[in-house]
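Novice: Okay, here's the structure, questions in a sec.
The values are calculated or read from the model by the stated rules, or taken from the named source; none is laboratory data. What you are looking at is a predicted structure, and each value in this text was computed from that prediction instead of being measured. Please note: Cβ atoms are built from the backbone with ideal geometry, for glycine as well, and neighbour counts cover all protein chains shown. Calculation scope for accessible area: heavy atoms of the full protein, side chains included, ligands and nucleic acids excluded. Shrake-Rupley method; radii C 1.70, N 1.55, O 1.52, S 1.80 Å.
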Amino acid sequence: MSVFSKLIAWSIPFIPKVVVGYFSRPYIAGETLEDGIRVVRELNARGIMATMDVLGESVDSREETLRMRRECEDVLHAIKKNNLDANLSIKPTQMGLAIDPSFFEENARVLLDIARGYDNFVRLDMEDHPYTDLTLEMYERLRRDYGRHVGVVLQSYLRRTEDDLRTLIAGGETNIRLCKGIYVEPERIAYKDRKEVRESFRRSVELSLSSGVYIGIATHDDVLLEHAVEYVSAKDIKREEYEFQMLLGVRHQRRDELVAMGHRLRVYVPFGDQWYPYSTRRLKENPSMAMHVIKAILGMGK
Ligand SMILES: Cc1cc2nc3c(=O)[nH]c(=O)nc-3n(C[C@H](O)[C@H](O)[C@H](O)COP(=O)(O)OP(=O)(O)OC[C@H]3O[C@@H](n4cnc5c(N)ncnc54)[C@H](O)[C@@H]3O)c2cc1C
């Protein structure tokens, strides 16, 4: 992390919430399900698929977890009702993983029953390392019963990821989103060097595609996008066997170029009233946006 990025990361908790809200608007569809539906419709009209995310994480009460679960159920019903080309992403700690793994499993099964009934799909996002083993264990249990209706995420910054990928491949049909990873993890378990994270990402893309695994290539990094585009073309991999994935509000132009080239692409569409932790993570990733925030606070912006 550069000194500048460290400074940004350090200063974000001191920025008033209302300012964070203003600058994180491009990354969030809005506060309501209707906002999410509107944004997904706009994306679908441009030939782009979506995955919808009800913002919320590290939920620590059963009551709040059940409230979040009901919101996620509503998302699945709304996707069907509005005929949207979209699926659902959930954070395991939003569905009770930190409270009790069996409570998480119960909640995930309720959502997966609905998703399977609609021939849709639920993705378990990957959070920080205290939850990696548990999330993968839960995924293994769920995929036994829900097969192609459930998927998981691997993070290329984790040193363990290629081993995890091999284990998932050996276990049968799997659907993986590969991303770099967003949390600050200790060096003993995570690559810190940008080049190493990229190399790990490339190796996992190649291993997945050469093993016939359906992979969501979730990155905005030109080096990795070019590698994936070249690899699928060189190996003659069919467009139905992978998709690119990007975050709402990030790199529109590159996104549209990939779609125009004929690749499948899915945008992660977060919405909901609990937008603050998600927004601060996005701002930390984007120093130029964060610079605008700081200028605005110091009264230097126009
Ligand atoms: C669909 C999707 C789902 C994800 N799910 C998870 C998950 O479950 N768990 C997890 O740990 N992480 C997840 N991530 C986040 C991911 O791990 C990275 O933190 C994030 O995608 C940035 O990495 P990058 O590969 O785009 O490369 P970077 O090197 O970070 O970015 C490449 C370029 O993209 C642009 N860019 C990137 N981020 C921003 C931004 N916020 N604003 C403006 N421009 C930006 C910049 O131009 C940057 O130079 C997900 C990402 C995507 C796209």
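Novice: Read through the list (1) over 19 Å from Thr219 (Cα atoms); (2) within 15 Å of the ligand (Cβ to nearest atom); (3) touching an Asp or Glu at 6+ places or on another chain (Cβ under 9 Å); (4) open to solvent by 20 Å² or more (accessible area, probe 1.4 Å), then give the number of the only condition that Tyr191 fails.
Specialist: Exception for Tyr191: condition (1).
Novice: Among residues belonging to the range 207-225 that are in a helix (DSSP H, G or I) and more than 20 Å from the chain's Cα centre (by Cα), point out the one that is nearest to the ligand (Cβ to nearest atom).
Specialist: First, the residues of the range 207-225 that are in a helix (DSSP H, G or I): 207-210, 222-225.
Then keep just the ones that are more than 20 Å from the chain's Cα centre (by Cα); that gives 207, 210.
Working: Leu207: 18, Ser210: 21 Å.
Per the criteria, the residue is Leu207.
For every residue, the table says whether it meets (1) in a loop (DSSP other than H, G, I, E, B); (2) without any contact (Cβ under 8 Å) to a residue 12 or more places away in the chain; (3) within 16 Å of Ser211 (Cα to Cα).
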{"position": "Tyr146", "(1), (2), (3)": "no, no, no"}
{"position": "Leu165", "(1), (2), (3)": "no, no, yes"}
{"position": "Ile169", "(1), (2), (3)": "no, no, yes"}
{"position": "Glu173", "(1), (2), (3)": "yes, no, yes"}
{"position": "Arg177", "(1), (2), (3)": "no, no, yes"}
{"position": "Ile182", "(1), (2), (3)": "yes, no, no"}
{"position": "Glu185", "(1), (2), (3)": "yes, no, no"}
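Novice: Moving on to the next point. Can you name every residue in the range 165-188 that is more than 14 Å from the ligand (Cβ to nearest atom) and either open to solvent by 70 Å² or more (accessible area, probe 1.4 Å) or not small (Gly, Ala, Ser) (or both)?
Specialist: If the condition is that a residue be more than 14 Å from the ligand (Cβ to nearest atom) and either open to solvent by 70 Å² or more (accessible area, probe 1.4 Å) or not small (Gly, Ala, Ser) (or both), then Leu165, Arg166, Thr167, Leu168, Ile169, Ala170, Glu173, Thr174, Pro186, Glu187, Arg188 are the ones that fit.
Novice: While we're here: If you check Val54 against the conditions, is it in contact with a strand residue (DSSP E or B) (Cβ under 8 Å, 6 or more places away or on another chain) and more than 30 Å from Met261 (Cα to Cα)?
Specialist: It is true that Val54 is in contact with a strand residue (DSSP E or B) (Cβ under 8 Å, 6 or more places away or on another chain) and more than 30 Å from Met261 (Cα to Cα).
Novice: Which of the residues belonging to the range 237-285 are near the ligand (Cβ under 9 Å from one of its atoms), at pLDDT 95 or above and part of a helix (DSSP H, G or I)?
Specialist: Arg254
Novice: Within the set of pairs 6 or more residues apart or between chains, which connect a residue that is away from the ligand (no atom under 16 Å from the Cβ) inside the range 88-110 to a residue that is assigned to a strand (DSSP E or B) and modelled with pLDDT of 95 or more with Cβ atoms less than 9 Å apart?
Specialist: Going by the 9 Å Cβ cut-off, the qualifying pairs are Asn107/Ile90.
Novice: May I pose another question? Any residue at all in the range 144-153 that's open to solvent by less than 60 Å² (accessible area, probe 1.4 Å) and either at pLDDT below 95 or acidic (Asp, Glu) (or both)?
Specialist: no
Novice: Testing His292 on (1) of a type outside the set (A, V, I, L, M, F, W, C); (2) surrounded by 15 or more Cβ atoms within 10 Å (Cβ to Cβ); (3) at pLDDT 80 or above; (4) more than 17 Å from Thr219 (Cβ to Cβ), one condition comes back false. Which one is that?
Specialist: (3)
Novice: On the given criteria, is Ser233 in a helix (DSSP H, G or I) and surrounded by 12 or more Cβ atoms within 10 Å (Cβ to Cβ)?
Specialist: Details: in a helix (DSSP H, G or I): yes; surrounded by 12 or more Cβ atoms within 10 Å (Cβ to Cβ): no.
In short, no.
Novice: Tally up the residues in the range 43-60 that are surrounded by fewer than 20 Cβ atoms within 10 Å (Cβ to Cβ), at pLDDT 95 or above and polar (S, T, N, Q), please.
Specialist: Here the count works out to 1.
Novice: Let me ask something additional. Evaluate the following for Glu127: is it in a loop (DSSP other than H, G, I, E, B) and open to solvent by less than 50 Å² (accessible area, probe 1.4 Å)?
Specialist: Yes.
Novice: Another question, then. Give all pairs with beta carbons closer than 7 Å in which a residue from the range 270-281 that is crowded, with 18+ Cβ neighbours inside 10 Å and polar (S, T, N, Q) meets a residue that is at pLDDT 85 or above and in a helix (DSSP H, G or I); count only pairs at least 6 apart in sequence or on separate chains.
Specialist: From residues that are crowded, with 18+ Cβ neighbours inside 10 Å and polar (S, T, N, Q), the pairs are Ser279/Tyr27.
Novice: Quick check on Ser24: is it surrounded by 16 or more Cβ atoms within 10 Å (Cβ to Cβ), of a type outside the set (Val, Ile, Thr) and outside the structural domain of Gly117 (by TED's automatic domain parsing)?
Specialist: Numbers: surrounded by 16 or more Cβ atoms within 10 Å (Cβ to Cβ): yes; of a type outside the set (Val, Ile, Thr): yes; outside the structural domain of Gly117 (by TED's automatic domain parsing): yes.
Yes; evaluated as a whole, the condition is true for this residue.
Novice: Determine, yes or no, whether Arg239 is assigned by TED's automatic domain parsing to the domain that holds Ser58, basic (Lys, Arg) and more than 30 Å from Gly21 (Cα to Cα).
Specialist: It is true that Arg239 is assigned by TED's automatic domain parsing to the domain that holds Ser58, basic (Lys, Arg) and more than 30 Å from Gly21 (Cα to Cα).
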